[in-house]
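The values are calculated or read from the model by the stated rules, or taken from the named source; none is laboratory data. In this text the structure is predicted, and so the values were computed from the model without any measurement. Methodologically, a virtual Cβ is constructed for each residue, glycine included, from the backbone with ideal geometry; neighbour enumeration extends over all protein chains shown. Heavy atoms of the whole protein, side chains included, go into the accessibility calculation; ligands, DNA and RNA do not. Shrake-Rupley method; radii C 1.70, N 1.55, O 1.52, S 1.80 Å.
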Amino acid sequence: MNKKMGKEHIKIINQYAGSFSKLILIGRILAGISAIIALVPYYYLWKIIKIATEGKNIQEIKSLSVYTVLVTILALLIYIIALFCTHIAAFRIQANMRTDLMRKIVKLPLGIFDDEGTGKIRRIVSDSTAATETFIAHNLPDKTVASVTPIGLLFLIVAFNWKIGLFCMIPALIGFVCMMSMMGKDMQEKMKEYQNSLGIMSSEATEYVRGIPVVKTFGQTVHSFTRFKKAIDNYGKWTTDYTIMLRKPMIAFMSCINSIFMFLVIASYIFIGADVVPKSADILNIMYYIIVTPLITVALTKVAYSGEAEMTLIDAVNRVKSIMEIKPLNDTDKNVELKDYGVEFKNVSYAYEGSTRNALNNLSVNINEGEHVAFVGPSGSGKTTACELLARFFDTKEGEICIGGINVKNIPDKQLMKSISFVFQDSKLLKMSILDNVRLSNPDASEEEVLNALKQAQCMDIIEKLPEGIHTMIGEKGTYLSGGEQQRITIARAILKNAPILILDEATAFADPDNESRVQQAFEKMSKGKTLIMIAHRLSTVSNADKIFVMDKGAIVEEGSHTELMSSNGLYKRMFDEYTRSIEWKVGAQNG
Ligand code: ADP
C-alpha cells in the first residue's frame, strides 16, 4: 500500500471520528497487549514439556496449566474491551460519514443524479460507510493482533534455539514479501474495478427484481434487462482478472508459510546433526517448535487478509471523498425580483465533464412569458442539456441563461425550483402513497387539492382501480403502474406545483395510445398561461407550438411555427416527412 495514501486515509477517518479517535488508539493498544499476553501460555507450554520430558514435579505442571487457562481468559477479556472501544468509534465514524454525505448530497448539482449516479451515490452512502465501520470495528484490532503475534513468536522461537528459530523464519520472510506484492498499487486498481463491478451488478440485480412485476404485467420482454446481463459479465471479467493477478503471489505466499515445518526438519538436521543422539534439551526445543511454528502460518495468513480489508477501506474512503469533493453550485438566500417568466439563452456553450465535444454550441434562444415552444432535433442534438441547464442541473461555463432578465446563477435555488416544473421522460414515483407522491411538489397541499390535480392530470381511472385510492402505496402488494400511468401521476405532481415555467422532456415517450391522448389533454390543461418548453420526438405533439426550435449538434439550425418550417424545406420538413412516413408504415403494417 502506498504510504502517503495511508496517512491521508487515516487523517480522513480521524476527522470523522473526532474525539472518538482516541478510542481507536486505545482499542489498538489493548489488542496489541492481548496478543502479547496470549503468547505467555506458549512459554508455559515450553515449561510443561520441559518438566514432562525430565519426568519430575508433576504438581508444577498442574499449576502451569491453571496459569495457562487464566492468562488465556485475561487475553480474551482485554481483546473484548479492545473490540468494545473500536466498535464505539466505528459506529460514530459511520454515523458522521452518513450525516455529512446526506448534508452534501442535498447541495449537489441535480445533474449528478442521473440513472447511474443515483445508484452510485446510494452505494457510497450505505456500502462504503459500512465497509469503513467493519474495518475500524473488526479488522483494525485483528490487524494489530496479527502484526504483534509473529513478532512475539519470533522472540519465543529465537529465545530457545536461535539458529533453528532464525532458519524457520526464512519462509516466513519470503511469505511476507509475497504478501506485500499482493498489496501494490496495481492490485489496488484491480480491487477498485472489482468493487465497482460488484456494486453495479448489485444495483442492476435490484432493478431486475423490481422490474419483474412490470415485465409480467405489461408484457415487456426480459431482454429489457440486458444491462443486468452485461453487469454480470463485467463482474465475471474483473473477478477473473483479479484472481489471475493474485494467483502467482498467492501460491508463493501459501507455499512459504506452509513450509515452515519443512524448514524446521532441515534446521534440526543441519544444527543438531543426523548421526548424533539428540540431547533432551534439543528434543524439548524441537517438540516445542513443532507445536508453535504453525502459529506463524496462521498469523501471517491473518496479516494477508487484513491487507485485503485495508484495500477495501481505502477504496471506501476514496468513494466517500469523491462525493465530498464535488463542488456545490453557489446559492444565495435572498429572493430576486424577476420581471416576468420569459426565458433567454445568450450564447450558451456547454461541454460535459470529461467530454471533448460541446453538447451546446453558442446557443441563443428567446422565449417570451406564456409562449409554448418546442425543441426538436435528432437524438443527441442538445435538447435535454439546454433544459437541464435552465433548471441548473449544471452551470453553464460560457454564455448565460436568464429568467425574467436575471441570470439563473443569481436566482436562489429555492426560488428557481419554485419557478420551474419538470416532467421527465423517466418520471419516478417513490415507494409511498399516491397522495404523498403528488404532494412532494407542494407538501402543504390539502387532500382535496391533490385530488383536483389528479383529476386535471386525467388520473382518476388509475385511482379508481386501486384498492385504497390515493392512499395506496406504490410498489407494495404488487401495486405497480405502467410507464404511462406513472407519467400521469407525475404530471399531477407538476400541476399541484403550479410553477410558471413548465418543461416537458420526451413527455409522451412511455405512453401507449390511450395514455398518450390523456397525457396530451393533461398537458394542455396544465400549460395554459405558462411558459412551456417541450422536448419531443413525436413531431405530431409539437405542431401546435407557438415556436419550434430545431436543434442539431448543440445549435439552433431553424426556428419558426410548424407551417413556416414546413414551407422552408429544411431539417424540420425532412424530419416531419420521415415521421409521417413511419406512421403510415405502421398503420399499413397493422392493416396488412
Ligand atoms: P438530446 O436531448 O437532444 O437527445 P442531449 O442533450 O441528451 O441530447 O445530449 C447532447 C450531447 O451531450 C450528446 O452528445 C450526449 O451524448 C451528451 N451527453 C448528454 N448527457 C451527458 C452526460 N451526463 N455526460 C456526458 N455527455 C452527455
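Other residues with beta-carbon under 15 Å from the beta-carbon of D142 carry, at +1 per Lys or Arg and -1 per Asp or Glu, a net charge of 0.
The residues of segment 267-391 present an accessible area of 50 Å² per residue when probed at 1.4 Å with all protein chains retained.
Considering only alpha-carbon pairs that sit under 8 angstrom and 6 or more positions apart, the relative contact order computed for segment 343-591 is 26 percent.
With all protein chains kept in place, the per residue accessible area of segment 46-133 amounts to 57 square angstrom at a probe of 1.4 angstrom. If I fit a long axis through the Cα atoms of helix 571-591 and take the longest principal axis of the Cα atoms of the chain, what angle between them do I get, 0 to 90°, rounded to 10? Computed tilt is about 80 degrees. Please report the carbon-and-sulfur percent of the accessible area for segment 343-591; probe 1.4 Å, protein heavy atoms only, DNA, RNA and ligands left out. In segment 343-591, the share of accessible area belonging to carbon and sulfur is 48 percent. Among the GluC sites (Glu not before Pro) in segment 318-371, those placed in a DSSP loop whose Cβ has at most 14 other Cβ atoms within 10 Å are E325, E337, E353.
Accessible surface of K428, taken over heavy atoms with a 1.4 Å probe and every protein chain present, rounds to 120 Å².
Taking every DSSP helix (H) stretch of at least 4 residues in the chain, weighting each as -39,500 (n - 2.57) and dividing the sum by the residue count yields a mean residue ellipticity at 222 nm of -21500 deg cm²/dmol.
If you restrict to DSSP beta bridges whose two residues both lie in segment 343-591, what percentage is antiparallel, to the nearest 5? Here the antiparallel bridges make up roughly 50 percent for segment 343-591. Here is the list for segment 390-491: GluC sites (Glu not before Pro) lying in DSSP coil, each with at most 16 other C-beta atoms within 10 angstrom of its C-beta, are E468, E476.
Since only S482, S255, S21 are under comparison, the one whose Cα sits farthest along the positive direction of the charge dipole of the chain, derived from C-beta charges on Lys, Arg, Asp and Glu, is S255. Measuring between their Cα centroids, segment 136-199 and segment 52-84 lie 27 Å from each other. Per-residue surface analysis assigns M180 an accessible area of about 90 Å², computed on protein heavy atoms at 1.4 Å probe radius. Descending by average beta-carbon neighbour count within 10 Å, the peptides 67-79, 32-44 line up as 32-44, 67-79, the highest first. Could you tell me which residue out of V450, F345, G399 lies farthest along the dipole of segment 343-591 toward its positive end? Charges go on the beta carbon: Lys and Arg +1, Asp and Glu -1, centred on the Cα centre. It is G399. Could you pull out the pairs from K553/K573; K120/K190; K107/K230; K107/K525 whose alpha carbons sit more than 28 Å apart here? Violating the 28 Å limit, Cα to Cα: K107/K230; K107/K525.
Under 27 Å of direct C-alpha separation, and excluding same-chain neighbours fewer than eight residues apart, K47 reaches these lysines: K56, K62, K163, K279.
Taking every C-alpha pair closer than 8 Å and separated by at least 6 residues, the mean separation divided by the residue count of the chain gives a relative contact order of 14 percent. The per residue volume of the convex hull around the alpha-carbon atoms of the chain is 215 Å³.
Cut-off under 19 Å on the C-alpha distance; same-chain residues fewer than 8 positions from K185 excluded. Which lysines are left, in chain and number order? Those lysines meeting the cut-off are K3, K4, K7, K248, K321.
For segment 3-324, the Stokes-Einstein estimate of translational diffusion at 25 °C and a viscosity of 0.890 mPa s comes to 106 µm²/s, using the Kirkwood hydrodynamic radius over alpha-carbon pairs.
Over segment 343-591, all Cα pairs binned in 5 Å intervals from 0 give whole-percent P(r) values of 1, 6, 13, 16, 17, 15, 13, 9, 6, 2, 0, 0, listed from short to long.
The per residue volume of the convex hull around the alpha-carbon atoms of segment 250-372 is 232 Å³. Residue by residue, segment 101-108 carries 3J(HN,Hα) couplings of 4, 5, 4, 6, 4, 5, 9, 6 Hz when phi is fed to the Karplus relation 6.51 cos²θ - 1.76 cosθ + 1.60 (θ = phi - 60°); x denotes Gly or Pro. Computed over the Cα atoms of segment 22-175, the ratio of the radius of gyration to the Kirkwood radius (Rg/Rh) comes to 1.23. Think of each Lys and Arg Cβ as +1 and each Asp and Glu Cβ as -1; about the Cα centre, that makes the dipole of segment 343-591 roughly 220 debye.
Positive-end ranking of M287, H9, I244 along the dipole of segment 3-324, with charges on Cβ about the Cα centre, is headed by H9.
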